[in-house]
Amino acid sequence: MLPPCLISNTPRTEDGLLQWVLMSLNQPFEGSHPALFKQFQRYLYDQYSRGRRTILIVDEAQNLCVEALEELRMLSKCQHG
């Protein structure tokens, strides 16, 4: 079982949130937003195909701006395959 990924120092804007998520998953986290989003989707699909679940814990989420919260909401809607 993989440990849950934890983001304990949240960025103050939506810029960089996806990078923080990928970093916490030990994934490459450099590139354009579309490329990072695709990387995130591939990671989730790979985990799903192995019968694993991905758990993301965002500590201090109250410090996120509205745009970053929306980004987090959109990431939570990613589906496999």
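The values are calculated or read from the model by the stated rules, or taken from the named source; none is laboratory data. Owing to the predicted nature of the structure, the values given are computational and were not obtained by experimental measurement. Using ideal geometry, Cβ is built from the backbone for each residue, glycine included, and neighbour counts are taken over all protein chains shown.
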Answer yes or no as to whether Gln19 is surrounded by 11 or more Cβ atoms within 10 Å (Cβ to Cβ) and either outside any loop (DSSP other than H, G, I, E, B) or touching a residue at least 60 places away in the same chain (Cβ under 8 Å) (or both). yes
Taking only the stretch 38-53 into account, find how many residues are under 15 Å from Met74 (Cβ atoms), in contact (Cβ under 8 Å) with a residue 24 or more places away in the chain and surrounded by fewer than 18 Cβ atoms within 10 Å (Cβ to Cβ). 1
Run down Gln62, Gln39, Gln47 and say which single residue is modelled with pLDDT of 85 or more, polar (S, T, N, Q), in a helix (DSSP H, G or I) and out of contact with any Ser or Thr (no Cβ under 7 Å at 6 or more places or on another chain). Gln39
Top-ranked residue of the stretch 6-30 - restricted to ones that are within 18 Å of Met74 (Cα to Cα) and small (Gly, Ala, Ser), ranked as modelled with the highest pLDDT: Ser24
The number of residues in the stretch 24-37 that are loosely packed, with under 15 Cβ neighbours inside 10 Å and either touching a residue at least 60 places away in the same chain (Cβ under 8 Å) or not hydrophobic (A, V, I, L, M, F, W, C) (or both) is 7
